[in-house]
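These notes are about the structure you will find just below.
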Amino acid sequence: MEAILQIMVILFLARILSEVSERAGLPGIIGEMAAGFLFALVFKPDDIEIFTFMGELGAIFLLFTAGYREVHAKELKAASINALIPTFFQIIVAVTFGFMLGNMYGFSFVESLFMAVAFSPTSISVVVKTLIDTDYLSSKPGSLMLTSAIFDDIIGLFLLTVVISVATFQHLPSIIDMLWIVGNIIVFAIIMGILGWKIFPTLFDHVQKMHTKEALFSFVIIIALFSAYLSEVFGLHAVIGAFSGGILISDLPIAKIETVQKKVSGIAYGLFTPLFFAFIGLSVEIEVLYTAGTFAVLVIVLALTGKLIGGFMGTKLIGYSSKDSLIFGIGMMPRAEVGLVVIAIGKELGIISNEVFSAIVLMVIVSIIISPILLEMSIRYKEKGLKVPEQTIV
């Protein structure tokens, strides 16, 4: 099939199966991954170069849109102090479990690190949807969950940056290598900070005065691509820059006009993001899952319990009740967007095997299905305990 026909077919399948998934009460990304898997099963494409490129663009726009629409720098700063300890604990336990599992199966140091990083992010979209469905978004544990999930993605992307840099050396870097890695990150952060503080606001002031149609929309897209490219110049992955660029313009009123936001969401969620998740499904090898056996089960169990245990411990330390801590821990279990981006990059770089890739995709699917169910059960359990029994009238 020609490239245009392939994209058309897989996008059609992604939209149809995403709708089926959402009507079944599951996130649409499961249907989109299923579309890629089904496409590979039926058409067995020999050349997936076009999907690789579209998948890379999908990852860039997925992370850019997350920073642009879901993360607000000012709100994040205000809510950050309370979320730091729970976030630290649930990440450190999950990362430790991932690294230990890699060591247990004799993986290389770098592959074990990728396993650890893939265990760390929590899905913001799944958390938000579940909290809205359970009418728990404005609760104390709910707001903490949302803030912690955002921090998860930021920290997960930072860890990804470090791991990719380590991968370039193929061994634990020396002090000089580490200084070079940290130096690149710092210089990139300083440049992005200056751009966000002075350059971008001035740029959008001038763009607003342009007579060219869709100038604002075009420059938002240009910021996404420029930020992605700039991060690659400094040896970081494109998604790091895309996410950073999205955050930097998230508080610019001119850049966040509702009509522009809708257009950015349209191109991201209407085209590139479905193709990214379809590419993930297309890359899964069912034969590998059959042979993975115990390994795949351990990936699922350790990835989910790592978040649960770490989240429970962290919230208990800041004075939450056991029931609220349990709710928080379960709320941190679902994985999706950033975790899939991490393993897609690992596979692209040839660092993680097909076995690891497929097992983590399976873990993501399981986490998306069971986490909302467990969260709703834990909320009902808490509310049941809070009800005051009616006095019996004699």
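The values are calculated or read from the model by the stated rules, or taken from the named source; none is laboratory data. Worth saying up front: this structure is predicted, and the values here are computed from it rather than measured. All Cβ positions, even for glycine, are placed from backbone atoms using ideal geometry, and neighbour counts span all protein chains on display.
Applying the criterion of at least 3 residues that are aromatic (Phe, Trp, Tyr) to the helices (runs of 4 or more DSSP H) found wholly in segment 195-250 leaves 215-233. Being assigned to a helix (DSSP H, G or I), more than 22 Å from SER371 (Cα to Cα) and not β-branched (Val, Ile, Thr) holds for only one residue in LEU298, LEU304, LEU282, LEU308, and it is LEU282. The set of residues from segment 224-235 being buried (at least 24 other Cβ atoms within 10 Å of the Cβ) and of a type outside the set (Ser, Thr, Tyr) comprises ALA224, ALA228. Scanning segment 23-50 for residues that are over 22 Å from SER358 (Cβ atoms) and modelled with pLDDT of 85 or more yields a total of 2.
In a helix (DSSP H, G or I) and at pLDDT 80 or above: does that describe LEU113? So LEU113 fits the description; yes. The residue that is surrounded by the most Cβ atoms within 10 Å (Cβ to Cβ), counting only those in segment 1-32 that are closer than 24 Å to ASP46 by Cα, without any contact (Cβ under 8 Å) to a residue 24 or more places away in the chain and of a type outside the set (A, V, I, L, M, F, W, C), is GLY31. So is LEU172 closer than 26 Å to VAL260 by Cβ and either at pLDDT below 75 or surrounded by 13 or more Cβ atoms within 10 Å (Cβ to Cβ) (or both) or not? Criteria not met by LEU172. Restricting ILE352, ILE373, ILE360 to those that are of a type in the set (Val, Ile, Thr) and at pLDDT below 85 reduces the list to ILE373. Within segment 65-110, the set of residues being more than 26 Å from ILE309 (Cβ to Cβ) and either modelled with pLDDT of 90 or more or not hydrophobic (A, V, I, L, M, F, W, C) (or both) comprises THR65, GLY67, TYR68, ARG69, GLU70, HIS72, LYS74, GLU75, LYS77, SER108.
Residue check: ASP46 meets all listed conditions (1) under 18 Å from VAL284 (Cα atoms); (2) touching a residue at least 24 places away in the same chain (Cβ under 8 Å) but one, namely (2). Looking only at residues of segment 251-267 that are part of a helix (DSSP H, G or I) and β-branched (Val, Ile, Thr), we find that the one that is farthest from ALA344 (Cα to Cα) is THR259. Any residue in segment 242-250 that is touching a residue at least 60 places away in the same chain (Cβ under 8 Å), among the polar types (S, T, N, Q), crowded, with 22+ Cβ neighbours inside 10 Å and more than 22 Å from ILE352 (Cα to Cα)? Within segment 242-250, one or more residues are touching a residue at least 60 places away in the same chain (Cβ under 8 Å), among the polar types (S, T, N, Q), crowded, with 22+ Cβ neighbours inside 10 Å and more than 22 Å from ILE352 (Cα to Cα). Among the residues of segment 120-135, those identified as over 17 Å from PHE277 (Cβ atoms) and at pLDDT 75 or above are SER120, THR122.
When segment 262-312 is filtered for residues that are at pLDDT below 85 and more than 17 Å from VAL366 (Cβ to Cβ), the ones remaining, listed by number, are SER283, GLU285, GLU287, THR291. Of the candidates LEU317, LEU275, LEU282, the single residue that is in contact with a Pro (Cβ under 9 Å, 6 or more places away or on another chain) and farther than 26 Å from GLY329 by Cβ is LEU282.
Every residue, every condition in (1) out of contact with any Phe, Trp or Tyr (no Cβ under 9 Å at 6 or more places or on another chain); (2) under 23 Å from GLY31 (Cα atoms); (3) surrounded by 17 or more Cβ atoms within 10 Å (Cβ to Cβ); (4) without any contact (Cβ under 8 Å) to a residue 40 or more places away in the chain, yes or no:
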{"residue": "PHE217", "(1), (2), (3), (4)": "yes, no, yes, no"}
{"residue": "VAL220", "(1), (2), (3), (4)": "no, no, yes, no"}
{"residue": "LEU252", "(1), (2), (3), (4)": "no, no, yes, no"}
{"residue": "GLN261", "(1), (2), (3), (4)": "no, no, no, no"}
{"residue": "GLY266", "(1), (2), (3), (4)": "yes, yes, no, yes"}
{"residue": "THR273", "(1), (2), (3), (4)": "no, yes, yes, no"}
{"residue": "ALA278", "(1), (2), (3), (4)": "no, yes, yes, no"}
{"residue": "ILE300", "(1), (2), (3), (4)": "yes, yes, yes, no"}
